[in-house]
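Working notes, beginning with the structure itself.
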Amino acid sequence: MPQDIIIKPIGIVVSTRKIVADDNWAQENSEIQLDPEQFQSESLQGISSFSHIYVLFYMHLVKANAIHYTARHPRGDTNWPKVGIFAQRAKDRPNQLGLTVCELIKVDGLSIKVRGLDAINQTPVIDIKPYFKQFGPKGEVIQPDWVDSLMKSYY
């Protein structure tokens with residue numbers, strides 16, 4: 001197995017949402033504040049010309065005893081099939097990493113205002129990348145029907 005990896009957050013999420021919840025993220029306007037000890041505003045130069053960004057973050061409130069390594073019903077709902085942790089986007093994942101494509105609203109110094117980021121207040125941000133449509137799927141996107149049901153109120 002590879003060695004452990006040490007990653008230093010690049011910033012934090014500032015949001016009105018302070019409690020973990022599964023739905024209604026489209027209404028969330030958040031701010032990502034980059035660490036001023038690591039970065040200068042030129043780190044964000046050019047990013048405002050993109051409409052969307054990827055945000056990789058660490059789900060810091062997940063308890064070690066809640067992490068799933070085996071199959072389970074998404075959100076514990078037995079109406080949905082039992083699937084492995086890598087076949088769902090649950091927060092209780094082995095490395096507690098979240099990844100979201102969110103709308104970029106504004107860049108101001110070391111602050112990025114975004115909409116639709118499904119991370120709560122004080123969440124450590126690991127990385128930010130611009131969304132390139134060329135990195136999107138090249139063919140038909142296929143997913144099980146239960147995902148449509150699960151995502152109905154997510155955004």
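None of the figures in this text is laboratory data; all of them are computed from the coordinates on show. Owing to the predicted nature of the structure, the values given are computational and were not obtained by experimental measurement. A quick note on method: Cβ atoms are made from the backbone with ideal geometry, for glycine too, and the neighbour counts reach across all protein chains shown.
Within region 106-146, the chymotrypsin sites (Phe, Trp or Tyr not before Pro) that combine a DSSP coil assignment with at most 13 other C-beta atoms in a 10 angstrom radius are Phe132.
I'd like the trypsin sites (Lys or Arg not before Pro) in region 76-122 restricted to DSSP loop residues with at most 11 other Cβ atoms within 10 Å, sorted by number. Before the final figure, lay out each step's value.
On the way: sites: Lys82, Arg89, Lys91, Lys106, Lys113, Arg115; in loops: Lys82, Arg89, Lys91.
Within region 76-122, the qualifying trypsin sites (Lys or Arg not before Pro) (loop, at most 11 other Cβ atoms within 10 Å) are Lys82.
As a proxy for reagent exposure, Leu34, Leu61, Leu117, Leu56 were ordered by neighbouring Cβ count within 10 angstrom, fewest first; the result is Leu61, Leu56, Leu34, Leu117. Exposure here means at most 16 other Cβ atoms within 10 Å; with GluC sites (Glu not before Pro) in a DSSP loop as sites, the longest stretch of the chain lacking them is 38-139. The relative contact order of the chain comes to 38 percent, based on Cα pairs under 8 Å that sit 6 or more residues apart. Placing R0 at 41 angstrom, the Cβ-Cβ distance between Ala87 and Ser48 gives a FRET efficiency of 0.70 after rounding to 0.05.
For the chain, a Gaussian network of Cα nodes joined below 10 Å ranks Gln40, Gln27, Gln143 by mean-square fluctuation, and the top entry is Gln143. Electrostatic tally near Pro94: other residues with Cβ closer than 14 Å to its Cβ, Lys and Arg +1, Asp and Glu -1, net +3.
Can you sort Ser43, Ser15 by how many other beta carbons sit within 10 Å, fewest first?
Working: Ser43 12, Ser15 19.
Fewest-to-most Cβ neighbours within 10 Å comes out as Ser43, Ser15.
For Val14 and Phe135 in the same chain, what is the full-extension length gain: residue separation times 0.36 nm, less their Cα-Cα distance, in nm?
40.8 nm
If you wrap a convex hull around the C-alpha atoms of region 1-67 and split its volume per residue, what is the figure in Å³?
Once divided by residue count, the hull of region 1-67 is 169 Å³.
With a Cα cut-off of under 25 Å and a minimum spacing of 8 residues unless on different chains, the lysine pairs in region 11-151 number 15. Considering only alpha-carbon pairs that sit under 8 angstrom and 6 or more positions apart, the relative contact order computed for region 90-155 is 19 percent. Each of Thr123, Thr16, Thr100, Thr78 was scored by other Cβ atoms within 10 Å of its Cβ. Arranged with the fewest first, they read Thr78, Thr16, Thr100, Thr123.
Here Cα extents along the principal axes in Å was computed from the coordinates, and among (1) 58, 32, 23; (2) 51, 32, 30; (3) 48, 36, 34 the match is (3). Taken along the Cα-to-beta-carbon direction at a fixed 7 Å, the label points for Ile6 and Ala66 span 2.8 nm. Once the other residues with Cβ under 10 Å from the Cβ of Arg17 are scored (Lys, Arg +1; Asp, Glu -1), what is the net sum? So the environment of Arg17 carries a net charge of -1. For an R0 of 41 angstrom, estimate the FRET efficiency from the Cβ-Cβ distance between Ser153 and Asp127 and round to the nearest 0.05. The formula returns an efficiency of 0.90 here.
You can think of it this way: the chain between Thr78 and Ile105 has 5.9 nm of extra reach, that is 0.36 nm per residue less the Cα-Cα gap.
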